[in-house]
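Below is one structure, written out as structure tokens, with a few remarks after it.
The values are calculated or read from the model by the stated rules, or taken from the named source; none is laboratory data. Remember, predicted model here, so these are calculated numbers, not experimental data. Positions of Cβ are generated from backbone atoms using ideal geometry, with glycine treated the same way; all protein chains shown enter the neighbour counts. For accessibility, only protein heavy atoms count, side chains too; no ligands or nucleic acids. Shrake-Rupley method; radii C 1.70, N 1.55, O 1.52, S 1.80 Å.
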Amino acid sequence: MKRRESLRNLLGLVAGSPLLMGQVPDELTGPINVHEFEEVARRKMHKLAYDFIAGGVEDELTLRANRAAYERVFLLPRVMVDTTNVSLETELLGLKLDSPILIAPTGGKNLVMPNADATVAAAALASKTLICSATGVEKILAGGAPLLWWSNTIGNAAKAQAKNYARRVQDGGGKGIVVTVDNAYQSNRDRNNRNRFDYGYMQTGIPKEGEAVRKPISPATPAMWQPHTPSMTWEYLSWLKEGCSLPIVAKGIVHPDDAALAVKSGADAIVVSNHGGRQLDGVIGTLDALPDCVAAVGGKIPVLMDGGLRRGTDILKAMALGASAVLVGRAPLWGLGAFGQPGVERVLWMLNAELKLAMALAGMRRTSEIGRGLVKRIPA
Ligand SMILES: Cc1cc2nc3c(=O)[nH]c(=O)nc-3n(C[C@H](O)[C@H](O)[C@H](O)COP(=O)(O)O)c2cc1C
């Protein structure tokens, strides 16, 4: 209990309390950055689970492109600015957030541990982080906790269902709906195919040694053809809006024409995302796609971004290129795999602390000061 409290205190850094390294449990101070959290998680996790989370599709070109893009964008920091006080506070779709870092929706958390969605939601609550979640927030909400959450749907292209769903989210206290627009079909994930991964494990978890391995529900072969939302079009957004007054966020856009269409279709925000390199291989890295999407949106709605964010400086670069906020997908899962809930909290704290320091060293006191002049792209 005491241990958990001390971590909470530490997380207060985002709100301005001091960095009290002495109060952090020893095991949590082992990994000193997100990359090292991944390594701890990898050692502790089942190979099937690690590969499911870490992997991309096919040759993983896009997975690598997401990370590589940060290596071509460099910072032009400002100096001699009074950065005694630096604030990460961010306004987004009517919400006042402590930080521009949000938790991306990730299915299959039960591969890491049972009840993982609720565990990550509890970490989000403790660290006052907005979480996008398809499931698992109910237990937290039942306690009356003021969790900030957006519901994630991969959508269902039927008008009545869309409206009912939207109303349910609104009645459940959700602050927004994230519609994943890049998930028309189950993608071709070589790592899962090689592991004979059964997508049913996403719900049940991976069988322990000695437990019967179920017959695969889905054909884990490179030729699988599994529709998710092939008939979903921009109309779906209007149907959702008819059903509620919540902001609708279209997640999974990389083409500037789609960014413009999202605005036209009534989206309240977009997320420039390629699903963490997990849908179509060969897609552009998100930091590279961001500027054109920002230009196409023309300031009409906020543009968010995700993909490959592992450092505070990555986030600073994304915000300099026009992201109002960012989502992290794998990073909190590495915290979860390493140490459970305190690990998720630690990863979030770390990313916030890195971003705050990066802003201070770049002469930025507020997120609203971060702009295009802060970066220069140097082609490889
Ligand atoms: C294990 C896993 C499951 C995911 N499940 C979903 C999902 O259900 N819906 C969705 O919109 N995106 C999903 N994503 C994509 C993330 O929301 C996000 O776009 C991506 O992880 C960002 O890249 P990053 O992991 O490099 O931060 C998933 C990603 C991972 C790693």
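Do you know which of the residues in the range 259-285 that are out of contact with any strand residue (DSSP E or B) (no Cβ under 6 Å at 6 or more places or on another chain) and more than 15 Å from the ligand (Cβ to nearest atom) is nearest to residue 187 (Cα to Cα)?
Only one residue tops the list, namely 282.
Go through the range 190-213 and give me each residue that's open to solvent by 60 Å² or more (accessible area, probe 1.4 Å), farther than 23 Å from residue 227 by Cβ and of a type in the set (Val, Ile, Thr).
213, the sole residue that qualifies.
Go through the range 100-112 and give me each residue that's open to solvent by less than 10 Å² (accessible area, probe 1.4 Å) and either more than 15 Å from the ligand (Cβ to nearest atom) or over 16 Å from the mean Cα position of the chain (by Cα) (or both).
Matches in the range 100-112: none.
State yes or no: is residue 245 out of contact with any strand residue (DSSP E or B) (no Cβ under 8 Å at 6 or more places or on another chain), open to solvent by 10 Å² or more (accessible area, probe 1.4 Å), among the polar types (S, T, N, Q) and more than 11 Å from the ligand (Cβ to nearest atom)?
When the stated conditions are applied, residue 245 passes them.
Would you please list the contacts, defined by Cβ atoms under 8 Å and residues six or more apart or on different chains, that run from a residue in the range 66-93 that is closer than 30 Å to residue 55 by Cβ to a residue that is open to solvent by 70 Å² or more (accessible area, probe 1.4 Å) and of a type in the set (Val, Ile, Thr)?
Within 8 Å, the pairs are 72/378; 73/378; 74/378.
Does residue 93 satisfy being open to solvent by 30 Å² or more (accessible area, probe 1.4 Å) and away from the ligand (no atom under 11 Å from the Cβ)?
yes
Could you check how many residues of the range 333-343 are touching a Ser or Thr at 6+ places or on another chain (Cβ under 7 Å) and part of a helix (DSSP H, G or I)?
Result for the range 333-343: 3.
Got at least one residue in the range 136-145 being part of a helix (DSSP H, G or I), under 18 Å from residue 269 (Cβ atoms) and away from the ligand (no atom under 16 Å from the Cβ)?
Just the residues of the range 136-145 that are part of a helix (DSSP H, G or I), to begin with: 138-142.
In the following step, the residues that additionally are under 18 Å from residue 269 (Cβ atoms) were identified as none.
No, every residue in the range 136-145 fails to be part of a helix (DSSP H, G or I), under 18 Å from residue 269 (Cβ atoms) and away from the ligand (no atom under 16 Å from the Cβ).
Go through (1) open to solvent by less than 50 Å² (accessible area, probe 1.4 Å); (2) modelled with pLDDT of 95 or more; (3) not in a loop (DSSP other than H, G, I, E, B) for residue 129 and report which single condition fails.
Result: residue 129 fails condition (3) only.
Between a first residue in the range 157-174 that is at positive phi and a second residue that is of a type outside the set (S, T, N, Q) and open to solvent by 30 Å² or more (accessible area, probe 1.4 Å), which pairs have beta carbons less than 9 Å apart while being 6 or more apart in sequence or on different chains?
Hits for this filter: 173/141; 173/146.
With the requirement that a residue be part of a helix (DSSP H, G or I), within 13 Å of the ligand (Cβ to nearest atom) and either free of Cβ contacts under 8 Å to residues at least 60 places away in the same chain or open to solvent by 10 Å² or more (accessible area, probe 1.4 Å) (or both), what does the range 315-332 give you?
Result: 318, 330.
Does the range 152-162 include one or more residues that are part of a strand (DSSP E or B), of a type outside the set (Phe, Trp, Tyr) and under 17 Å from residue 232 (Cα atoms)?
Yes, the range 152-162 contains at least one residue that is part of a strand (DSSP E or B), of a type outside the set (Phe, Trp, Tyr) and under 17 Å from residue 232 (Cα atoms).
Return the residues of the range 284-300 that are assigned to a loop (DSSP other than H, G, I, E, B) and buried (at least 21 other Cβ atoms within 10 Å of the Cβ); say none if nothing qualifies.
285
Check residue 119 against each of (1) open to solvent by less than 10 Å² (accessible area, probe 1.4 Å); (2) more than 11 Å from the ligand (Cβ to nearest atom); (3) of a type in the set (S, T, N, Q) and name the one condition it does not meet.
Of everything listed in (1) open to solvent by less than 10 Å² (accessible area, probe 1.4 Å); (2) more than 11 Å from the ligand (Cβ to nearest atom); (3) of a type in the set (S, T, N, Q), residue 119 misses just condition (1).
For the range 301-311, which residues satisfy the criterion of being surrounded by 20 or more Cβ atoms within 10 Å (Cβ to Cβ) and within 14 Å of the ligand (Cβ to nearest atom)?
Hits for the range 301-311 are 304, 305, 306, 307, 308, 309, 310.
Step by step: first the residues of the range 163-188, then only those that are in a loop (DSSP other than H, G, I, E, B) and within 16 Å of the ligand (Cβ to nearest atom), then the one that is surrounded by the fewest Cβ atoms within 10 Å (Cβ to Cβ). Which residue is that? Please lay out each step first, then the result.
Here is the first cut: in the range 163-188, the ones in a loop (DSSP other than H, G, I, E, B) are 172-175, 181-184, 186-188.
If we keep only those that are within 16 Å of the ligand (Cβ to nearest atom) too, we end up with 174, 181-184, 186-188.
Details: 174: 23, 181: 26, 182: 21, 183: 21, 184: 18, 186: 15, 187: 20, 188: 17.
My answer is 186.
Inspect the range 81-88 for any residue being modelled with pLDDT of 95 or more and in contact with an Asp or Glu (Cβ under 8 Å, 6 or more places away or on another chain) and give the result as yes or no.
Yes.
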